[in-house]
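Single-structure report; data block below.
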Number of protein chains: 2
Amino acid sequence: MNPTWVGLVAGLLTSIASLPQLIKTWRSRHVRDLSIWQPLLLSVGVGLWLVYGVLIRDIPLILANITPLISNLLLTAMKIRYCDNDAETPPSIII
Amino acid sequence: MNPTWVGLVAGLLTSIASLPQLIKTWRSRHVRDLSIWQPLLLSVGVGLWLVYGVLIRDIPLILANITPLISNLLLTAMKIRYCDNDAETPPSIII
């Protein structure tokens, strides 16, 4: 098994992993079952990986963290923005 | 700014990022707003990072990916297990 290919596929998958959640949340406008801590910790974490990449001048590390940084920042913002949509309201169809 | 410390904090944060979601899902048993693709892609992705760490004999890379591998595998299993809890049912309190 070629380690470089394993690393490249690993980097690709972890880079795009939060995009499906971003699309689902954008479409549904519901965030009831999402913990805000996952996108928040990932935003700070991958942001620091990006800073680390800049400090050690590692282009792949910088590139691999741009997509997850943007998508996790957007997910954090959506969790804050849409939590009002999920406030418990009495069912209006009961007469 | 010391790059090593930036990298260590980045690695710590991205390692533990999925734990709050795991705890929330375990407690609520609800997975309506979770996309199965995020934990699934992260499971395969961090699993491959772990394989890459073994192939290039990099202990920090191996250690950093054990926690997210386990928590994302558990989240994927919970998404499958609990989706029945979230099937739409008519409200039983309507007479």
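The values are calculated or read from the model by the stated rules, or taken from the named source; none is laboratory data. Bear in mind that the values here come from a model prediction, so they are computed numbers and not experimental data. Glycine also receives a Cβ, built like all others from the backbone with ideal geometry; neighbour counts cover every protein chain displayed. Surface accessibility is based on the protein's heavy atoms, side chains included, excluding ligands, DNA and RNA. Shrake-Rupley method; radii C 1.70, N 1.55, O 1.52, S 1.80 Å.
A few remarks follow.
- One residue stands out in segment B:26-60 among those that are under 11 Å from the mean Cα position of the chain (by Cα) and more than 7 Å from every other protein chain (Cβ to nearest Cβ): the one that is nearest to residue A:41 (Cα to Cα), namely B:39.
- Of the residues making up segment A:21-37, those that are free of Cβ contacts under 8 Å to residues at least 12 places away in the same chain and closer than 21 Å to residue B:16 by Cβ are A:33, A:35, A:37.
- Taking residues in segment A:1-20 that are under 13 Å from residue B:53 (Cα atoms) and at the interface with another protein chain (Cβ under 7 Å from one of its Cβ atoms), and partners anywhere that are hydroxyl-bearing (Ser, Thr, Tyr) and crowded, with 19+ Cβ neighbours inside 10 Å, the pairs with Cβ atoms closer than 7 Å and at least 6 places apart or on different chains are A:3/B:52; A:6/B:52; A:7/B:52; A:10/B:52.
- Residue within segment A:69-91 that is closer than 17 Å to residue B:11 by Cα and surrounded by 14 or more Cβ atoms within 10 Å (Cβ to Cβ) present: yes
- Filter result (open to solvent by 20 Å² or more (accessible area, probe 1.4 Å) and of a type outside the set (A, V, I, L, M)) within segment B:21-46: B:24, B:26, B:27, B:28, B:29, B:30, B:32, B:37
- Boolean, residue B:86 is touching a residue at least 24 places away in the same chain (Cβ under 8 Å), closer than 19 Å to residue A:21 by Cβ and of a type outside the set (Gly, Ala, Ser): yes
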